[in-house]
Amino acid sequence: MHDQLARLYPHHLASVRERADKALALGGFDHLLVAAGTPPRKFLDDQDYPFIAHPHFRHWLPLTDAPGSWIAYTPGSKPKLIFVQPRDYWHVVPEAPHGYWVEHFDIVIVRSAAEAVAQLPAGKRAVIAAACPTVDGVEANNPPTVLDYLHWHRSYKTPYELALMREASRIGTRAHRAAAAAFRAGESEFGIHLAYLAAAKQIDAELPYASIVALNEHGAVLHYTHFDRAPPAHHRSFLIDAGASAAGYASDITRTYATPQAAEFQALIDSVDAAQQGFVAKVRAGQSYPELHIHAHHVVAGVLREHGFIRMSAESAVESGVSSAFFPHGLGHPIGLQVHDVAGFQQSEHGGSIARPDGHPYLRMTRVLEADMVVTIEPGLYFIDMLLAELRDKPVAADIDWARVDHFRQYGGIRIEDDVVCTDGAPENLTRDAFGML
């Protein structure tokens, strides 16, 4: 893996520099300053929240433990890393930079964030940094012209980035295997989560997002992160949405399982899984993502009809909003340095926004797919009390088998999610490929 990354990194950095050159020229700036960031302090406390380096910083180099550090780039010059390595006996001091990427930077090691700021070049500066906490001596201006250009082009992953995303998928799928085994062994949600962390060899703060570990009816809560400490009296179903990180790049994987006693729910999982793989096959250059989302609603409505939940046609279920009661979120989102990566709605490299289709307020991407984009494909089918109660009050309620719906509430719901690369040909399914390697 190291040799592969060392081989791919120079091309990646050249791409990042070229994009920075064009973005700075568009905005009329001389320098690009990118903050790693600092951890925010907890209110009325002397402790900080866990540090997460800003995504723009991680785009330049695979350095995730660098609070207070900066990248300073001037077109035509070697990029400069100003690395903060404090004198501190209270905490583990960040290790001095090393690895396949260091030769591509001028590296200056300083002892404080203030010393780092003093190293930043003067002039017309595009400063990419969080507004809070503030940094004395430098103002974060985050110029939209620069950010729009950089975000748009971050949608297209370099071979180096794809290699890291494959590694994140390998780590995530290994941990998913361990979580599934813990479910079958009768563990609690908390116990399953611990098994996941152990297999991933990452702590909660290192994961790209808070894991969703939901047994039985808890699978109906889209972002369930409660972690019951005691196992339920009966294990019926299990939904896990959890990812992993590799040098700051994310994987985002969801799987749903049934116990052998829940054959009817397993049959429904199988139908959603088949539908999901059909959607993955459509991740092709030129495919409108909103149109794929609408197509997914028709297919999921067909699954609802096939399994006896509704008596209306799939078309009627979509038009009347019935499908949205069972599938209330978007089909997926861009993924990369961030789980919900940038520019999902962006109209062009100069900004702008593409609206979501009417009736689908939670879709997280409205662009047309192009080669080197990476998106998640994650259809769902849930039995959510609040949405079902709203559906009961509508005229279409007469075409729903409520006894069957109520029976399936004990299983919560189904979501199946893969991370998929759009290529010039057939899509690359990072998640299924990683599961296949185990």
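The values are calculated or read from the model by the stated rules, or taken from the named source; none is laboratory data. Please read these numbers as outputs of a predicted model, since none were measured by experiment. Glycine also receives a Cβ, built like all others from the backbone with ideal geometry; neighbour counts cover every protein chain displayed. Areas reflect the complete protein model, heavy atoms only, side chains present, ligands, DNA and RNA absent. Shrake-Rupley method; radii C 1.70, N 1.55, O 1.52, S 1.80 Å.
Taking each residue of the range 245-258 that is more than 30 Å from Q410 (Cβ to Cβ) and looking for partners that are acidic (D, E) and open to solvent by 20 Å² or more (accessible area, probe 1.4 Å) with beta-carbon atoms closer than 6 Å, six or more apart or interchain, yields S245/E206; A246/E167. When you look at A267, is it free of Cβ contacts under 8 Å to residues at least 60 places away in the same chain and buried (at least 20 other Cβ atoms within 10 Å of the Cβ), yes or no? Spelling it out, it is not the case that A267 is free of Cβ contacts under 8 Å to residues at least 60 places away in the same chain and buried (at least 20 other Cβ atoms within 10 Å of the Cβ). Return yes or no: is Q276 over 27 Å from A403 (Cβ atoms) and surrounded by fewer than 23 Cβ atoms within 10 Å (Cβ to Cβ)? So Q276 does not fit the description; no. Within the range 313-346, no residue satisfies the criterion of being at positive phi and either open to solvent by 30 Å² or more (accessible area, probe 1.4 Å) or not in a loop (DSSP other than H, G, I, E, B) (or both). Taking the range 376-389, which residues are part of a loop (DSSP other than H, G, I, E, B) and either within 13 Å of I310 (Cβ to Cβ) or open to solvent by less than 10 Å² (accessible area, probe 1.4 Å) (or both)? Within the range 376-389, P379, F383 qualify. Scanning the range 390-412 for residues that are in a loop (DSSP other than H, G, I, E, B) and open to solvent by 60 Å² or more (accessible area, probe 1.4 Å) yields D393, K394. Residue count for the range 67-126 satisfying the condition of being over 21 Å from A25 (Cα atoms), in contact with an Asp or Glu (Cβ under 7 Å, 6 or more places away or on another chain) and surrounded by fewer than 17 Cβ atoms within 10 Å (Cβ to Cβ): 1.
Residues satisfying the criterion are absent from the range 363-375 (criterion: within 30 Å of F57 (Cα to Cα), among the small types (G, A, S) and open to solvent by 40 Å² or more (accessible area, probe 1.4 Å)). Yes or no: H218 farther than 26 Å from G344 by Cα, surrounded by fewer than 24 Cβ atoms within 10 Å (Cβ to Cβ) and in contact (Cβ under 8 Å) with a residue 60 or more places away in the chain? Criteria met by H218. Only one entry of A220, A246 meets the criterion of being hydrophobic (A, V, I, L, M, F, W, C), more than 17 Å from P379 (Cβ to Cβ) and modelled with pLDDT of 95 or more, and that entry is A246. If I filter the range 143-151 for residues that are within 30 Å of A434 (Cβ to Cβ) and either surrounded by 14 or more Cβ atoms within 10 Å (Cβ to Cβ) or more than 28 Å from the chain's Cα centre (by Cα) (or both), do I get at least one hit? The answer is yes; a qualifying residue exists.
The residue that is most open to solvent (accessible area, probe 1.4 Å), among those in the range 413-438 that are part of a helix (DSSP H, G or I) and aliphatic (A, V, I, L, M), is M437.
A Cβ distance below 7 Å, combined with a sequence gap of six or more or placement on separate chains, defines the contacts here; from the range 223-234, residues that are in a loop (DSSP other than H, G, I, E, B) reach residues that are open to solvent by 50 Å² or more (accessible area, probe 1.4 Å) and of a type in the set (G, A, S) in the pairs T225/A210.
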